[in-house]
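Asks: I have a structure I would like to understand better, so I am pasting it below and will then ask my questions one at a time.
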Amino acid sequence: MTYDVVVVGLGAMGSATLAHVAGRGARALGVEQFSRAHELGASAGRSRIIRKAYFEDPAYVPLLRRAYELWFRLERESELQLLDLVGVLMVGTAESTAIAGALRSAREHDLRLEHFDAAAMVRRFAGIVPLADEVGLLEHDAGVVFPEAGIAAHLRIAEAAGAQTSFGVAVTGYAAERDGIRIALADGTTVLARAVALCAGPWLGRLAAELDLPLRIQRNVQVWFTPSIPNFSRARFPAFFIDRNTFDRPLYGFPDFGEGVKAALHGYGVDTEPAQLDRSIGAGDIEPVRSALDAWMPGAATTFAFAKACMYALTPDEHFVVDRHPHDPRIVIAGGFSGHGYKFAPVIGEIVAGLALDGGTPHPIGFLRLARERLIRPA
């Protein structure tokens, strides 16, 4: 059988791509090296922040607006709760990357943010300790997206639309033929596709080795704590991102949804290989997060509950890679999501489906192209 599109990897981006390809009536196959609903990649962890006032680059905002629309549609179609817009509080000095960047995106795209000085933040959010020179930006229609539920919903929609899925079998390679791309599987079989979408997360660099993508895989740890005071429950507190230069890295986290306050240091970790990721948790993982969280929200990090190691696939400029393969446009690359990609999953799926089926997309993704100057590996 020849498929219109084979999607390699069924995490956040692959499951969304499969749903969009199948939703357009194409013959689709999704292949995943691990089991269904596995927690071994970059997409697990119970919660991810979603926001529009994007400090990383205003160019992401149009994609975010479409992502919101698609998340809401997926919620309706799947009858699963995928979002909880509890708000996101960004904190830092006026000159910090997070605050200056969020304000730039808000100005360019007419986004509403509520502004606070340090004293006003304390009055509004009981129990926090901002520094005297810090300001806060509250984005009310931001909040949390639930990654495991999002992947399950996309897979459910994809399969209902006729997509086939294969779990527990890895792709070992691919080769161009006249009639399509021949994909070799670890079980010794092959499949033929008119187009292939490579959504392999931290394994993308190994799979598409011919591209020599400058991806750096970093181990990051998410930590849950049981707070000693009720101030940080979901009913009282938003998600947060604290860009403070006295922290090892920016601190981000989530209110207590019933399992404790979750927090992590964004981009704080050691480089690794995906197959060698150390999934054990030690004091060196917990204490830097506890220290930062305790400085920002005293009482939130009273008791360690549990933690989880995950991976960032980082590009040199920490922007995504979404493009067609430079040697064969029938192959689409989606990766390098650099620790901030999950919220974009449904729109990335729509974009990759368009690139695979139509050869293009109306979405503005020029800044994510493979050939951009900042993606060139440093000498």
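Asks: Scan the range 169-192 and report the pairs whose first residue is within 19 Å of Ile333 (Cβ to Cβ) and assigned by TED's automatic domain parsing to the domain that holds Ala209 and whose second residue is charged (D, E, K, R) and assigned to a loop (DSSP other than H, G, I, E, B), with Cβ atoms within less than 8 Å and a gap of 6+ or a chain change.
Replies: Taking only residues 6 or more apart or on different chains, the pairs are Ala176/Asp328; Ala176/Arg330; Gly180/Arg330; Ile181/Asp328; Ile181/Arg330.
Asks: Counting just the residues of the range 301-343 that are basic (Lys, Arg) and surrounded by fewer than 23 Cβ atoms within 10 Å (Cβ to Cβ), which one comes out farthest from Leu63 (Cα to Cα)?
Replies: Checked the range 301-343; the qualifying residue farthest from Leu63 (Cα to Cα) is Lys308.
Asks: For the range 31-78, what are the residues that are surrounded by fewer than 20 Cβ atoms within 10 Å (Cβ to Cβ), acidic (Asp, Glu) and under 28 Å from Leu277 (Cβ atoms)?
Replies: Of everything in the range 31-78, those that are surrounded by fewer than 20 Cβ atoms within 10 Å (Cβ to Cβ), acidic (Asp, Glu) and under 28 Å from Leu277 (Cβ atoms) turn out to be Glu39, Glu56.
Asks: Collect the residues in the range 79-92 that are crowded, with 16+ Cβ neighbours inside 10 Å and among the polar types (S, T, N, Q), keeping them in residue-number order.
Replies: Listed by number, the list is empty, since nothing qualifies.
Asks: Consider Gly101 carefully, then state whether it is among the small types (Gly, Ala, Ser), on the phi > 0 side of the Ramachandran plot and modelled with pLDDT of 95 or more.
Replies: no
Asks: How many residues, within the range 76-94, are touching a strand residue (DSSP E or B) at 6+ places or on another chain (Cβ under 7 Å) and over 20 Å from Asp117 (Cα atoms)?
Replies: Final tally of qualifying residues: 5.
Asks: Just checking, which of Tyr342, Tyr312 is at pLDDT 95 or above, touching a Lys or Arg at 6+ places or on another chain (Cβ under 6 Å) and under 19 Å from Glu148 (Cα atoms)?
Replies: Tyr342
Asks: Can you name every residue in the range 224-258 that is in contact with a Gly (Cβ under 9 Å, 6 or more places away or on another chain), of a type in the set (A, V, I, L, M) and over 25 Å from Glu95 (Cα atoms)?
Replies: Listed by number, the list holds a single entry, Ile229.
Asks: Something else: Go through the range 250-280 and give me each residue that's among the aromatic types (Phe, Trp, Tyr) and part of a strand (DSSP E or B).
Replies: Correct list: Tyr252, Phe254.
Asks: Among the residues of the range 31-54, how many are under 18 Å from Val7 (Cβ atoms), in a loop (DSSP other than H, G, I, E, B) and of a type in the set (D, E, K, R)?
Replies: So the count comes out to 1.
Asks: Can I ask one more? Please go through the range 125-141 and give me each residue that is more than 20 Å from Ile50 (Cβ to Cβ) and either outside the structural domain of Phe237 (by TED's automatic domain parsing) or exposed (fewer than 14 other Cβ atoms within 10 Å of the Cβ) (or both), ordered by number.
Replies: Residues satisfying the conditions are Ala126, Val129, Ala132, Asp133.
Asks: For Ala353, which of the numbered conditions (1) part of a loop (DSSP other than H, G, I, E, B); (2) buried (at least 19 other Cβ atoms within 10 Å of the Cβ) fails to hold?
Replies: (1)
Asks: Among the candidates Arg330, Arg279, which residue alone is assigned by TED's automatic domain parsing to the domain that holds Ala16 and either in contact with a His (Cβ under 6 Å, 6 or more places away or on another chain) or of a type in the set (D, E, K, R) (or both)?
Replies: Among Arg330, Arg279, only Arg330 is assigned by TED's automatic domain parsing to the domain that holds Ala16 and either in contact with a His (Cβ under 6 Å, 6 or more places away or on another chain) or of a type in the set (D, E, K, R) (or both).
The values are calculated or read from the model by the stated rules, or taken from the named source; none is laboratory data. It should be emphasised that the depicted structure is a prediction, and the values quoted were computed from it without experimental measurement. When we count neighbours, we look across all protein chains shown, and the Cβ atoms used for this are built from the backbone with ideal geometry, even at glycine.
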